[in-house]
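I have placed the structure first, in the form of structure tokens, so that the comments after it can refer back to it.
The values are calculated or read from the model by the stated rules, or taken from the named source; none is laboratory data. No experiment lies behind these values; they were computed from the predicted model shown. Virtual Cβ from ideal backbone geometry, glycine too; neighbours counted across all protein chains shown. Ligands, DNA and RNA are excluded from the accessible area calculation, which covers all protein heavy atoms including side chains. Shrake-Rupley method; radii C 1.70, N 1.55, O 1.52, S 1.80 Å.
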Amino acid sequence: GQILLSFKRAMMNQKWDQFEQAMKTEEVVTVRGIEMNKGGMIAGVDGVRGFIPTSQFGKQHIGKLESLLDTHIKVRVIEVDKEKNRLIFSERHVSEAQVIAQKGDVLNAIVEGEVYNGTVSGVMPFGVFVTVEVPIAGAKPEDKKGVGNIEGLVHISEISWEKVENPNQLYKVGDKVKVKVLSVDKETGKMN
């Protein structure tokens, strides 16, 4: 007939509620990088551990995530599931917030069949990711404020007329290229 109370459990429930609120309001949260694993980084805040997938880091951190260990990282909460003890953060939603917000305008400005300047942002066995510079709302290409960026995939079959075995032999991150837009799916935000 005794009633058990737990301050620890009440505090944890309150923290999960705070994370849900932070996700709804898109509040920036500061976490600390704890350890790396195959898919990204485990980060902690207020005694709770969460996860930052590799894909949720901004481009400036790609290839050097280890340097963020034991440092404070500004993130947004993008998923909260208390029942599954699942807390997912995104550093990219903070560092590239303007790019993400601008994505809709860029998608509307892209013209299929048009050739754009771009920079190789990733090289994979199946193709090359290119960040394309797209003029927005009639702005001149030299006006950087009127230019938006969006990443698209150049599939391995579209790299060359000849068969390409390994895109790494042809391109590296940072290479400047010209690409022709073959298709744009405005609902998914994907471009080829």
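Elements of the type strands (runs of 3 or more DSSP E) sitting completely within the range 40-154 and holding at least 1 residues that are open to solvent by 20 Å² or more (accessible area, probe 1.4 Å) and over 30 Å from Val29 (Cβ atoms): these cover 115-124, 127-135.
Listed by first and then second residue, the pairs with beta-carbon distance under 6 Å, at least 6 apart or on different chains, first residue in the range 172-192 and in contact (Cβ under 8 Å) with a residue 60 or more places away in the chain and open to solvent by less than 80 Å² (accessible area, probe 1.4 Å), second of a type in the set (Asp, Glu) and in a strand (DSSP E or B), form an empty list. Of the residues in the range 83-111, how many are touching a strand residue (DSSP E or B) at 6+ places or on another chain (Cβ under 6 Å) and modelled with pLDDT of 85 or more? So the answer is 7. If the condition is being part of a loop (DSSP other than H, G, I, E, B) and within 22 Å of the chain's Cα centre (by Cα), then the range 155-192 contributes Tyr171, Lys172, Val173, Gly174, Asp175, Val181, Ser183, Lys186, Glu187, Thr188, Gly189, Asn192. Can you find even one residue in the range 155-165 that is at pLDDT 90 or above and closer than 30 Å to Met11 by Cα? Checked against the condition, which is being at pLDDT 90 or above and closer than 30 Å to Met11 by Cα, the range 155-165 yields no hits at all.
Residues in the range 91-134 that are closer than 28 Å to Arg76 by Cα and charged (D, E, K, R): Glu91, Arg92, Glu96, Lys103, Asp105, Glu133.
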